[in-house]
Amino acid sequence: MTPGQLAAARERTLADVIGPDLRVLFCGINPGLMSAWTGYHFARPGNRFWPALHASGFTARRFAPAEQGRMPELGLGITNVAGRATARADELTAAELRAGGQLLSAKVTAYRPRWLAVLGVTAYRVAFDDRAARVGPQERTVGDTRIWVLPSPSGLNAHWSPAALGAEFGRLREAVQELPAS
């Protein structure tokens, strides 16, 4: 990827991978430049979303970003809080995250997944005005949809090892299995 291609990626957005009857709608903070350039969520090689999804048991094998279209058949989907592609999530403004939280709530109301998994506690705190939020299940719901905050799978998030990230995704998977279908 050239610097020019990266610069052009800032003008792109990614389509949601979404549908009815999802068990979990995973929600990234926003697309990275590699994702915007390729058109696939979590496409940067250092991003740990796809390995964590597999390590947790959500998928039987590790998916490549180009296989994201298979997610709905597993009852899984992908969206973002903010649509604007950036090199780093900290390039987003608080206003963008709050507006994204409102759009995300509307999307969840329309599609009604059983769980919304927001990937990034700091972004969740801003988007949903919940400064006390921690990684794990939240008291807040959007309609009947439960919310779980996961750590950001970005390779820039050094606070969570790949094993710990996979284990936290696994806690969500166990909760998903325990919650009866509506």
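Rg and Dmax over the alpha-carbon atoms of the chain stand at 15.1, 49 Å. Here ALA15 and LEU74 are evaluated by their C-beta separation; at R0 = 22 Å the FRET efficiency comes out at 0.80. Per-peptide packing, taken as the mean over residues of other Cβ atoms within 10 Å, places 56-63, 26-33 in the sequence 26-33, 56-63 from highest down.
At most 12 other Cβ atoms within 10 Å and a DSSP loop assignment: could you name the GluC sites (Glu not before Pro) in the range 5-114 that fit? Those that pass, being in a loop and sparsely packed, are GLU11. Accessible surface ranking for MET1, MET34, 1.4 angstrom probe, highest first: MET1, MET34. Each of THR122 and THR109 was given a label point 7 Å from its Cα along the Cα-to-Cβ line. The distance between the two points is 3.0 nm.
Could you compute the net charge surrounding GLU178? Neighbours are other residues with a C-beta less than 12 Å from the C-beta of GLU178; K and R count +1, D and E count -1.
Values: positive: ARG23, ARG114, ARG146, ARG171, ARG173; negative: GLU174.
Once all neighbours under 12 Å are counted, the net charge is +4.
Springs between alpha-carbon atoms under 10 Å, Gaussian network over the chain: tell me which of ASN47, ASN157, ASN80 tops the mean-square fluctuations. Answer for the Gaussian network model of the chain: ASN157.
For the range 39-45, 3J(HN,Hα) computed residue by residue from phi via the Karplus equation (6.51, -1.76, 1.60; θ = phi - 60°) reads x, 10, 5, 6, 7, 5, x Hz, glycine and proline entered as x.
Net charge near THR145: determine it from the other residues with C-beta under 9 Å of the C-beta of THR145, scoring Lys and Arg +1 and Asp and Glu -1. Each step should come with its number before you reach the end.
Values: positive: ARG112, ARG114, ARG146; negative: ASP144.
Summing Lys/Arg as +1 and Asp/Glu as -1 gives +2.
Return the carbon/sulfur percentage of the accessible area of the range 1-152, one whole number, probe 1.4 Å, all protein chains in place. Carbon plus sulfur share of accessible area: 52 percent.
Each residue of the range 157-170 was assigned a 3J(HN,Hα) from its phi angle through the Karplus curve 6.51 cos²θ - 1.76 cosθ + 1.60 (θ = phi - 60°); the sequence is 8, 7, 6, 10, 6, x, 5, 5, 5, x, 5, 5, 4, x Hz, with glycine and proline shown as x.
Once the gyration tensor of the Cα atoms in the range 113-182 is diagonalised, the equivalent ellipsoid follows with semi-axes of 20, 16, 8 Å, ordered largest first.
The values are calculated or read from the model by the stated rules, or taken from the named source; none is laboratory data. Note that this is a predicted model, so its numbers are computed, not measured. Reconstructed Cβ throughout: ideal geometry from the backbone, glycine too, with neighbour counts over all protein chains shown. Accessible surface is based on the protein model in full, side chains and every heavy atom, while ligands, DNA and RNA are left aside. Shrake-Rupley method; radii C 1.70, N 1.55, O 1.52, S 1.80 Å.
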